[in-house]
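Take a look at the structure below.
The values are calculated or read from the model by the stated rules, or taken from the named source; none is laboratory data. Values in this document were obtained by computation on a predicted structure and should not be read as measured data. Cβ placement follows ideal geometry from the backbone for every residue including glycine, while neighbour counts extend to all protein chains displayed.
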Amino acid sequence: MADKSTIIFYFSGTGNSYHAAQSLSCLLKDAQFVRIVFGLETYNLASYERIIAVYPCYVGDLPLMVKDYLEHLDFPDGAQVVSVCCCGGIDGSCHKSFERILDKKGSSLYSSYTLVYPANNQLLYPEPSEKTIDTRYATNAQKLQEIASNLKDGYQHFADYKVLSASIFSLAHKFFDPHKQGRRFKVSDECNSCKICELICPAKNIRLIKGIPQFLDRCEQCLSCMHRCLKDAIYLNLQSRIWGRYKNPYVSTKDLMVN
Ligand SMILES: Cc1cc2nc3c(=O)[nH]c(=O)nc-3n(C[C@H](O)[C@H](O)[C@H](O)COP(=O)(O)O)c2cc1C
Ligand code: SF4
Ligand code: SF4
C-alpha cells in the first residue's frame, strides 16, 4: 500500500535537524524535504496528506523563522501535521507553540516528537563530548525508525509537556532577541575571507564586504556560521572564544549551504 504523500519542512543551523529530516525522508520512502531559509516561498500543500516540521529548540521555543513560516502555510483539511523538535534536552514550549499556530488555522497536531541531539549552544556551555554525540545519535537512529513506523501504522504520539521547565524557559525566552544578538558577532584576524559563513547562513544574514563578514539584523542565533568557520574566527562572547565547535558528524558543510 502506498504511504501518504509527505512533505518535510526543516530548519537547521548545525545539522541536527537536517539529520532528522533527511533520515525521516528516507524512512518515509523519499518524502520531499525542504529547508526553511530566508525568502523561502510559501508552499501549496493541497496535494499533501502528511506535513512534518523538524526544527531545533531555541530557548524553549520554535526558531523565529520556523514560527513565521508555519504561520504562512495553509494546512489542508484532514492532513496529518507532525512536529519534531530536535533539542539539546529541554523542548520547552515548542510543540505548544506549534499547536497554537495550528489552532488559529482551525487545524491540530496529529503527533509530536522530541529528539535529544548534542546541544550546540557554545555561547553558554562547552561543546558536547564525542561520547555524548555517539550516544545521542545511536538513540536517535532508533527513535527515528519508531517515528516512521508509528506514522506508517497510524499510531499517534504526543511528546510529554514538562510544565516546570517550559515555564522557566518561557520566561527566559522573553529576553531572547536573536536579531539583536546577531549584530554582536565578532570576527577575528584569523578570517581568510573564504565566504563559508555567508554561504551557510539560513537567514542570509551575512555579507562579506571588502573580505570581512558583516552581520545584518535577521540572525536566528542558529550558530551555523560560528561552528562551521574553518578558522574558528567567529565568536560572540568570552565563552565562545574558549569553547570548541560542534560539527555534526553526519552532515557536511556542503549539506548546510543555502542554495
Ligand atoms: C540560541 C540557542 C538556544 C538553544 N536553546 C535550547 C533550549 O532551550 N533547549 C534545548 O534543549 N536546546 C537548546 N539549544 C540546543 C539546540 O536546540 C540543539 O542543539 C539542536 O539540536 C540544534 O539543532 P540544529 O543542529 O539543527 O541547528 C539551543 C541552541 C541555541 C543555538
Ligand atoms: S567562514 Fe570564517 S574564515 Fe570564512 S569568511 Fe567567514 S569568518 Fe572568515
Ligand atoms: S548569522 Fe550565523 S548565527 Fe545568525 S542566522 Fe546566520 S549563520 Fe545563524
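One residue is enough: does segment 25-47 have a residue meeting the conditions touching a His at 6+ places or on another chain (Cβ under 8 Å) and among the acidic types (Asp, Glu)? Looking through segment 25-47, none of the residues is touching a His at 6+ places or on another chain (Cβ under 8 Å) and among the acidic types (Asp, Glu). A single entry from Lys131, Lys204 fulfils the requirement of being charged (D, E, K, R), surrounded by fewer than 16 Cβ atoms within 10 Å (Cβ to Cβ), at pLDDT 95 or above and within 18 Å of the chain's Cα centre (by Cα): Lys204.
Taking the listed residues Val81, Val34, Val116, Val54, the one that is in contact with a strand residue (DSSP E or B) (Cβ under 7 Å, 6 or more places away or on another chain) and surrounded by fewer than 18 Cβ atoms within 10 Å (Cβ to Cβ) is Val34, with no other qualifying. Restricted to segment 1-23, and to residues there that are away from ligand 3 (no atom under 16 Å from the Cβ) and under 20 Å from Phe75 (Cα atoms), the residue that is modelled with the lowest pLDDT is Asp3.
The residues of segment 71-90 that are in contact with a helix residue (DSSP H, G or I) (Cβ under 8 Å, 6 or more places away or on another chain) and under 19 Å from Leu151 (Cβ atoms), listed by number, are Phe75, Gln80, Val81, Val82, Ser83, Val84, Cys85, Cys86.
Between Phe158, Phe169, the distinction of being within 28 Å of His72 (Cα to Cα), touching a strand residue (DSSP E or B) at 6+ places or on another chain (Cβ under 8 Å) and either among the charged types (D, E, K, R) or surrounded by fewer than 19 Cβ atoms within 10 Å (Cβ to Cβ) (or both) belongs to Phe158 only.
Going through segment 217-250 one residue at a time, which ones are among the charged types (D, E, K, R) and within 11 Å of ligand 3 (Cβ to nearest atom)? If the condition is that a residue be among the charged types (D, E, K, R) and within 11 Å of ligand 3 (Cβ to nearest atom), then Asp217, Arg218, Glu220, Arg228 are the ones that fit. Here segment 17-33 is the region considered, the condition is being of a type outside the set (S, T, N, Q) and not in a helix (DSSP H, G or I), and the residue that is nearest to Ala166 (Cα to Cα) is Phe33. Among the residues here, Asp61 qualifies as among the acidic types (Asp, Glu) and modelled with pLDDT of 95 or more. When segment 105-125 is filtered for residues that are within 18 Å of Gly60 (Cβ to Cβ) and of a type in the set (Ser, Thr, Tyr), the ones remaining, listed by number, are Ser112, Tyr113, Thr114, Tyr117, Tyr125.
Go through the residues of segment 138-153 one by one and say whether even a single one is in a loop (DSSP other than H, G, I, E, B), away from ligand 3 (no atom under 16 Å from the Cβ), loosely packed, with under 12 Cβ neighbours inside 10 Å and assigned by TED's automatic domain parsing to the domain that holds Ser12. No, segment 138-153 contains no residue that is in a loop (DSSP other than H, G, I, E, B), away from ligand 3 (no atom under 16 Å from the Cβ), loosely packed, with under 12 Cβ neighbours inside 10 Å and assigned by TED's automatic domain parsing to the domain that holds Ser12.
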